[in-house]
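The values are calculated or read from the model by the stated rules, or taken from the named source; none is laboratory data. As the structure is a prediction and not an experimental result, all values here were calculated from the model. Reconstructed Cβ throughout: ideal geometry from the backbone, glycine too, with neighbour counts over all protein chains shown.
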Amino acid sequence: MAKGVKVAVVSTVFAVMVGGAGYGAYNFVSALTKDGSGSGGVRSGPPGADEIAKTSKDFFAAWEKGDAAGAASLTNNSTTAEALLTGYKTDAHIGDVRITPGKATGATVPYSVKATVSYDGKSKPLAYESKLTVVRGVTTGKALVDWQPAVVYPKLKAEDRLVTGESANPSIEAVDRSGKVLTKEKYPSLGPVLDALREKYGAEAGGTPGIELVVKHPDQTPDTSLLTLAEGKAGKLETTLSATAQAAAEKAVKLYHQSSVVAVKPSTGEVLAVANNRTDAFNAAFEGTKAPGSTMKIITAAMLIDNGVTSMNGPAPCPDSAVWQGQTFKNLTGMQSNEGATLANSFMRSCNTAFIKLIDEKPLTDDSLTLEAQNRFGIGEDWKTGVVSFDGKVPAVGGPDRAAGAIGQGQVQMNPLNMASVTATAITGTFRQPYLVSPELDDRKLATAKGLPYNTASQLKQMMRMTATQGTGAKAMAGLGGDIGAKTGSAEVDGQQVSNSWFTGFRNDVAAAAMTEEGGHGGDAAGPIVAAVLRAAG
C-alpha cells in the first residue's frame, strides 16, 4: 500500500473512533497523551517499586557510561547534577565505573561504587558506598532521582567538587611537642585542625606536593583529601600539642554529644589539646561563638576587684532575685540566699544576683566589662593561633544586656579556647595568647594585653581553688591532686530546653575549658571533660 494511502486510512479510522466511539475513543486518546496514566494528567503519589527499580537502573547505567547529561536527565535537578557528574569524569578523572545496587528500602536505593582514578600516569582503585532516593517529579509526574551531591560521593555537600591533581599544598607530618606523630586516624577530631595546618603551613614545612583526589569546598575550608595516587614528600610541622593530653581530650568529648574542649599551658600560652565531638566538622573549640554562662564571672570578678568595688573577702550579697533596669534575674533553682555573702562565697556558689547587684556600683560604666576583657584578658585582640579562631566578644552595652553580660549571657560570646585562656590569665596574671604553631615559623605577631595586677590574680586563683574544692566544681574535680581550681557555667539559649554546660579549670600548669551543647549545669557534662584532660595533662 502507498504511504499516502496508509496515512489516509489511519486518519479516517481515528476520525471515526473519536467521532462515534465515545468511551473507547477517550481511552485511545488518553493513551497517546502524557504518561499513559489514564487520566490525561501527570502521575501523582509515591513512585512504585517498578518505577524505583527502573529509574535507579537507568541512572546507574548512564553514570557508568560517563553519560552525564543522560544521568542528569533522570534527576529532579538536571543542571546541577550534570555539572557534578561531568566533573566526576573530567575534573576528578574517575573512570571504569561499576555500580552495584543493593536492596531498596522504600524509595531509597543503596549502592556500592568501584572505579579507577587516573591522573598523569598514576592510577588507583576507588571504592565507596552511597544511596539515592527516587521521588515523583512535581511537574512531570515522572519517577526521578532526588538530586543531592551525596549521590555522587557521600561526603559531598552543596557546591563541593571532586578534583584530582597535584596537591594544592604539600602534605605535612604534624608532630606533638615531644615529636610524636599526630594523625587524624589516631586522633579523629584533629582532622579539621590538621587540614587547616596543612593548608597554611604545607609550603613552610618543606614538603613537596603529591597527586590526590580531594573534595574542594566553595568557601575557605581546606580541601578534604580522599585518595592519594602518588605520595609527595611530607614536611615536618612541629605543634604545641601534647599527644597524651590530646588522647585524653578525644576520649573525654566522646562521652557527650556536641562537646568541645581546649587545654593550654598558662606559663607559655601553648595549646596542649583541642578536641570536638560534633555531628559536623566545625572546630567549635576554636571557632565557637556561644554565651559562656557563669564562667564569665572570672572576668566580672576581676572587673569588680580592679575597680575597687569589692574584693574576695568583701561584700557580695546573694539575694533570691535582682532587678536591673526592669529585668529580673534569678539564681539556679535551689540556691539559698545569703545577704551576708562575700565575693568568694558568691563566686564559688555561682550566685547570679550577687554579680548583678554590684554592676551599678561606681565607678563602673557600660564599657567597664569590655575594657576588663580586652585590656586584661586579651579578648577581642585578633589572636593568631596558627589556624582560624574566634577570640571572644564582650561588647559595651547598656540596658538589661549589661547585667546579662556580667553572668555570661546577653551579647557575650566565647568558646573553650577563649575560656581556657581566661583561666590561664586569671591564675598567672599574665595574658599569653594561645597558639598551636610557634610564631617563629611565619613571623606572625601574637596579640598582647597588659594582664592583671598581682593582687587581683591572687584573689581569682584562690576563689577558683575554693570553687574546685568546696563549691559548684567540687564534684567534677574530686580526686584531682596538685594545685587545682575551677569555675562552672550554664548558659540558657533561646529555643533550647536544656542549657549549655560550661566548665573551666586548672591543675598546676595546665588550664582547660569545655562546652557541651544542651549539657545542663556546668559540672554535669563539661566538668567531667575538663577533669579528664587535667588528670592526664596536669
*Of the numbered conditions (1) under 30 Å from Ala525 (Cβ atoms); (2) outside the structural domain of Thr289 (by TED's automatic domain parsing), Ser260 fails exactly one; give the number of that condition.*
(2)
*Of everything in region 168-183 that's out of contact with any strand residue (DSSP E or B) (no Cβ under 7 Å at 6 or more places or on another chain) and within 11 Å of Ala243 (Cβ to Cβ), which residue is surrounded by the most Cβ atoms within 10 Å (Cβ to Cβ)?*
Asp176
*Sort out which residues of region 349-385 are surrounded by 24 or more Cβ atoms within 10 Å (Cβ to Cβ) and among the basic types (Lys, Arg), and write them in order of number.*
Arg376
*Among the residues of region 324-337, is there at least one that is touching a Phe, Trp or Tyr at 6+ places or on another chain (Cβ under 9 Å), within 19 Å of Met515 (Cα to Cα) and either of a type in the set (A, V, I, L, M) or crowded, with 18+ Cβ neighbours inside 10 Å (or both)?*
no
_Wholly enclosed strands (runs of 3 or more DSSP E) of region 98-154 bearing at least 2 residues surrounded by 15 or more Cβ atoms within 10 Å (Cβ to Cβ) and touching an Asp or Glu at 6+ places or on another chain (Cβ under 8 Å)_ = 108-119, 122-136
*Determine whether Lys186 is surrounded by fewer than 16 Cβ atoms within 10 Å (Cβ to Cβ), modelled with pLDDT of 95 or more and not in a helix (DSSP H, G or I).*
yes
_Matching option when the condition is under 24 Å from Glu372 (Cα atoms), at pLDDT 95 or above, of a type in the set (Gly, Ala, Ser) and touching a strand residue (DSSP E or B) at 6+ places or on another chain (Cβ under 8 Å), among Gly482, Gly505, Gly473_ = Gly505
*Restricting to region 480-497, what's the tally of residues that are crowded, with 24+ Cβ neighbours inside 10 Å and over 24 Å from Ala301 (Cα atoms)?*
0
*Determine whether Phe347 is part of a loop (DSSP other than H, G, I, E, B), in contact with a Ser or Thr (Cβ under 7 Å, 6 or more places away or on another chain) and assigned by TED's automatic domain parsing to the domain that holds His521.*
no
*asked:* For region 508-522, give me the residue count where each residue is surrounded by 24 or more Cβ atoms within 10 Å (Cβ to Cβ) and either modelled with pLDDT under 95 or of a type outside the set (S, T, N, Q) (or both).
replied: 8
*asked:* Restricting to region 164-183, name every residue that is among the polar types (S, T, N, Q), within 15 Å of Gly232 (Cα to Cα) and outside any strand (DSSP E or B).
replied: Ser167, Asn169, Ser171
*Got at least one residue in region 151-166 being out of contact with any helix residue (DSSP H, G or I) (no Cβ under 9 Å at 6 or more places or on another chain), free of Cβ contacts under 8 Å to residues at least 24 places away in the same chain and either among the basic types (Lys, Arg) or within 20 Å of Val97 (Cβ to Cβ) (or both)?*
no
_Given (1) under 29 Å from Met477 (Cα atoms); (2) part of a helix (DSSP H, G or I), number of the condition Gln336 does not satisfy_ = (2)
*Only residues that are modelled with pLDDT under 95 and either among the β-branched types (Val, Ile, Thr) or not assigned by TED's automatic domain parsing to the domain that holds Met419 (or both): list them for region 353-387, please.*
Ile359
_Lys103 - would you say it is of a type outside the set (Ser, Thr, Tyr), free of Cβ contacts under 8 Å to residues at least 24 places away in the same chain and either touching a strand residue (DSSP E or B) at 6+ places or on another chain (Cβ under 8 Å) or under 30 Å from Glu166 (Cβ atoms) (or both)?_
yes
_Regarding region 71-84, can at least one residue be identified that is touching a residue at least 60 places away in the same chain (Cβ under 8 Å) and on the phi > 0 side of the Ramachandran plot?_
no
*Find all pairs meeting these conditions: Cβ atoms under 6 angstrom apart; at least six residues apart or on different chains; first residue within region 215-231 and acidic (Asp, Glu); second residue in a strand (DSSP E or B).*
Asp223/Val214; Asp223/Lys216
